[in-house]
Amino acid sequence: CQKCLSLIKKTKFLNAYITVSEEIALKQAEESEKRYKKGHSLGDLDGIPIAVKDNFSTSGIETTCASNMLKGYVPPYNATVVQKLLDQGAVLMGKTNLDEFAMGSGSTDGVFGPVKNPWSYSKQYREKTKHKARGENEDSNWLITGGSSGGSAAAVATFTCFAALGSDTGGSTRNPAAHCGVVGFKPSYGLVSRHGLIPLVNSMDVPGILTRCVDDAAIVLGMLAGHDPKDSTTVQDPVKPFTLPSLTDVSKLCIGIPKEYLTPELSSEVQSLWSKAANLFESEGAKVIEVSLPHTSYSIVCYHVLCTSEVASNMARFDGLEYGHRCDIDVSTEAMYAATRREGFNDVVRGRILSGNFFLLKENYENYFIKAQKVRRLIANDFVNVFNSGVDVLLTPTTLSEAVPYQEFIKEDNRTRSAQDDIFTQAVNMAGLPAVSVPVALSNQGLPVGLQFIGRAFHDQQLLTVAKWFE
Ligand code: GLN
């Protein structure tokens with residue numbers, strides 16, 4: 001715990017943590033040590049440092065969603081997933097940085113500033129990019145972590161914790177995991193409780209797990225999975241522990257390669273690592289086949305309509321009365337609401353609330369919201385058809401390229417960039433499937449690249465077993 005705390009201090013410039021819960025962590029570690037010395041029974045995570053994205057409620061610890069709206073908000077309860085980790089003896093190092101309300105794919109849009117990718121400072125990347133220095137200062141070439149769980153990914157990558165919670169609505173756990181060289185796992189929708197995860201899109205949100213290896217992700221999943229009376233969308237059946245076999249015979253597997261994922265925007269380097277991975281499976285005797293997910297091209301726009309519609313409804317609770325920020329205006333209640341929300345939300349959040357309310361207008365509802373729900377069904381059915389044809393897991397890239405420099409990322413309109421980046425991840429959320437990003441290799445620039453495995457709904461164990469064999 002002390003080592004992790006000192007690493008947190010050393011890497012403070014990365015901006016991975018919004019809150020470092022040093023006192024709490026030291027106390028928890030001390031208690032854990034006492035339990036150990038007295039020979040008491042230990043939890044599965046006893047003494048293990050973990051970090052939690054700052055959109056999960058933590059009792060007594062500020063929970064901000066990286067927004068002015070929730071600055072200073074201290075929840076009175078723990079999210080179920082946080083409680084489950086603490087019940088196993090985990091040591092909470094702090095709350096990690098994100099895009100405001102988890103809207104984004106760069107971790108560049110939070111009120112506490114962007115998260116810097118630790119790989120920006122690796123020897124190899126610096127040497128390779130020396131010629132690109134813009135002459136402003138040494139730091140000008142730093143890279144984004146991806147997002148929106150960039151703080152959690154950077155926290156795991158810098159060894160300041162052993163596992164971190166992220167959230168995944170359209171790729172927010174897998175995307176930063178790929179850019180930071182760690183494992184990012186999005187469980188099946190309904191396998192893990194969302195109670196206490198401040199919602200973005202209730203029908204797609206899933207708590208995500210970031211770790212340094214697939215085995216660790218499976219261990220954490222084992223602790224988190226299962227029914228929660230406080231989340232009616234969680235599974236009813238009891239869940240078995242997720243222990244992964246150490247050797248898997250992949251020769252009986254059928255791996256699907258979705259042809260629509262070979263997009264013109266995909267970098268040639270990621271593409272070649274993707275086909276190398278497919279060849280590896282083939283050389284071990286697995287059946288590798290091209291498959292089709294014909295509605296892929298609708299997925300970004302469909303996600304956009306559904307996401308913003310749910311956002312418009314979810315964000316209504318932030319009215320300056322119950323939570324966090326309240327603007328000091330006493331002209332009228334409406335004026336107070338409006339001013340609070342103008343001051344509290346950034347333009348990305350306000351933009352989504354506007355779009356969502358537009359799609360939900362009486363005259364637009366059928367044409368946008370209902371239509372998008374139908375398209376969502378078609379997208380989900382694409383996956384069902386592929387799995388019903390005998391495919392066990394799909395192998396895809398996680399992101400279009402390795403992490404890009406911040407300056408490049410912000411050149412484009414955030415919404416356009418973020419939408420493109422999620423092409424391989426968003427459909428999975430609309431279908432509720434499990435998916436995991438695994439680091440595969442370093443690029444020519446010395447930066448991590450991740451590949452994604454997608455599994456059948458509730459076949460999380462099988463998915464992780466394949467990912468473990470591959471990693
Ligand atoms: N980039 C997507 C969005 O901004 C996904 C975000 C997420 O998964 N939290 O909506």
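A short reminder: the numbers here are calculations on the coordinates, not readings from a lab. Values in this document were obtained by computation on a predicted structure and should not be read as measured data. FYI the Cβ positions are ideal-geometry reconstructions off the backbone, even for glycines, and counts take in every protein chain you see.
Tally Lys/Arg at +1 and Asp/Glu at -1 over every other residue whose Cβ is under 12 Å from the Cβ of Ser57; what's the total?
+2
Which cross-chain or sequence-distant (5 or more) residues have an amide H under 5 Å from the amide H of Phe424, H modelled 1.01 Å from N in plane?
Those qualifying (amide H under 5 Å, at least 5 residues apart or on another chain) number zero.
How would you classify the stretch 188-268 from its alpha-carbon gyration tensor, with a ≥ b ≥ c the square roots of the eigenvalues: rounded for a/c under 1.5, else prolate if a/b is greater than b/c, otherwise oblate?
oblate
Considering the alpha-carbon set of the stretch 309-426 alone, what are its Rg and its Dmax in angstrom?
Computed over the Cα atoms of the stretch 309-426, radius of gyration and Dmax are 19.6, 64 Å.
Roughly speaking, what is the stretch gain from Asp87 to Asn444, that is 0.36 nm per residue apart minus the C-alpha to C-alpha distance, in nm to one decimal?
124.2 nm
Suppose only helical runs count, i.e. DSSP H with n ≥ 4. What mean residue ellipticity at 222 nm does that imply for the chain under -39500 (n - 2.57) per run, divided by all residues and rounded to the nearest 500 deg cm²/dmol?
-11000 deg cm²/dmol
Determine how many Å³ per residue the convex hull of the Cα atoms of the chain encloses.
Per-residue hull volume (Cα only) is 153 Å³.
Between Lys37 and Arg317, how high is the FRET efficiency from 1/(1 + (r/R0)^6) when r is the Cβ-Cβ distance and R₀ = 45 Å? Nearest 0.05.
0.50
Given contacts defined as C-alpha pairs under 8 Å and at least six residues apart, what's the relative contact order of the stretch 1-156, whole-number percent?
Answer for the stretch 1-156 is 27 percent.
Please tell me the relative contact order of the stretch 239-397 in percent, rounded to the nearest whole number, where contacts are Cα pairs under 8 Å and at least six residues apart.
36
Calculate the spin-label point distance for Lys71 paired with Arg342, positioning each point 7 Å from the Cα along the beta-carbon direction, and give it in nanometres.
So the two model labels end up 1.8 nm from each other.
Pull out a ≥ b ≥ c, the square roots of the eigenvalues of the alpha-carbon gyration tensor of the stretch 1-133, then state rounded if a/c is under 1.5, prolate if not and a/b is larger than b/c, and oblate in the remaining case.
It is oblate, given that a/c is not under 1.5 and a/b is not larger than b/c.
If each residue's Cβ is checked for other Cβ atoms within 10 Å, how do Leu42, Leu5 rank with the fewest at the top?
Ascending number of Cβ neighbours within 10 Å: Leu42, Leu5.
May I ask you to derive the FRET efficiency for Ser292 and Gln124 from their Cβ-Cβ distance with R0 = 30 Å, giving the value to the nearest 0.05?
The computed FRET efficiency comes out at 0.20.
Grab the Cα-Cα distance for Lys371 and Asn279, subtract it from 0.36 nm times how many residues apart they are, and report the gain in nm with one decimal.
Answer, rounded to one decimal: 29.2 nm.
Under the rule a/c < 1.5 gives rounded, and otherwise a/b versus b/c splits prolate from oblate, where does the stretch 66-202 land using the Cα gyration tensor?
Here the stretch 66-202 falls in the prolate category.
Count the net charge of all other residues whose Cβ sits under 15 Å from the Cβ of Glu23, scoring Lys and Arg as +1 and Asp and Glu as -1.
Once positives and negatives cancel, what remains is -1.
Looking at Ala338, Phe424, Ala380, which one has the Cα that reaches farthest to the positive end of the dipole of the stretch 313-471 (charges on Cβ: Lys, Arg +1; Asp, Glu -1)?
Among Ala338, Phe424, Ala380, the one farthest towards the positive end of the dipole of the stretch 313-471 is Ala380.
For the pair His227/Leu262, report the inter-label distance in nm, with labels modelled 7 Å from Cα in the Cβ direction.
4.6
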